[in-house]
Amino acid sequence: MDKPTIEKFKHLLQQQRDSLMSAQQLAQGSTDIVELDQSSVGRVSRIDAMQSQSMALEGTRLRQQQLRKISTALALIESGDYGYCEHCDQMIDIRRLEIDPATTLCVPCASKQE
């Protein structure tokens, strides 16, 4: 893979990382503990708040998982190993990287893993 293409993917990964980190900061208050005071909040409202909290926690988990994938991809760029499948060491199709620049598996290996 040529240097301009790698720089393009590096830039995309950095943008995704920054976007995820911003979303993480915005969602931080959504994971606060739900108060159990029924005098100020009704049962249905409290259940609704607990469901929202649960969804926010899952969103946080998914963002953290994606941030780890992006960090790994950026480290692979720095080491010169970016764009190679972690299982078979073949080049990952550039079209696959354009869809998800943080991917570390080629299509055949990803299919086997599913």
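Some notes on this structure:
- Amide H contacts under 5 Å for TYR84, placed H, 5+ residues apart: ILE92
- On full extension, the segment bounded by ASP2 and SER111 gains 36.5 nm, given 0.36 nm per residue less the C-alpha separation.
- Size descriptor for the chain, Kirkwood hydrodynamic radius: 16.5 Å (Cα pairs only, one decimal).
- Calculated [θ] (222 nm, deg cm²/dmol) that DSSP helices of n ≥ 4 give over the chain, each run adding -39,500 (n - 2.57): -22500 deg cm²/dmol
- Along region 47-56 the Karplus relation, 6.51 cos²θ - 1.76 cosθ + 1.60 evaluated at θ = phi - 60°, assigns HN-Hα couplings of 5, 4, 5, 5, 5, 4, 4, 4, 5, 5 Hz to successive residues, with x for each Gly and Pro.
- Spin-label pair SER52-ALA27: with each label point 7 Å from Cα along the Cα-Cβ axis, the two points sit 1.5 nm from one another.
- Charge dipole magnitude, Cβ of K and R +1, D and E -1 - the chain, Cα centre, debye nearest 20: 80 debye
- Angle between the chain longest axis and helix 3-27 axis [Cα atoms, degrees, rounded to 10]: 10 degrees
Rule-based calculations on the coordinates, nothing more; no lab input. Remember, predicted model here, so these are calculated numbers, not experimental data. Because the Cβ atoms are built from the backbone with ideal geometry, glycine has one as well, and the counts that use them run over all protein chains shown.
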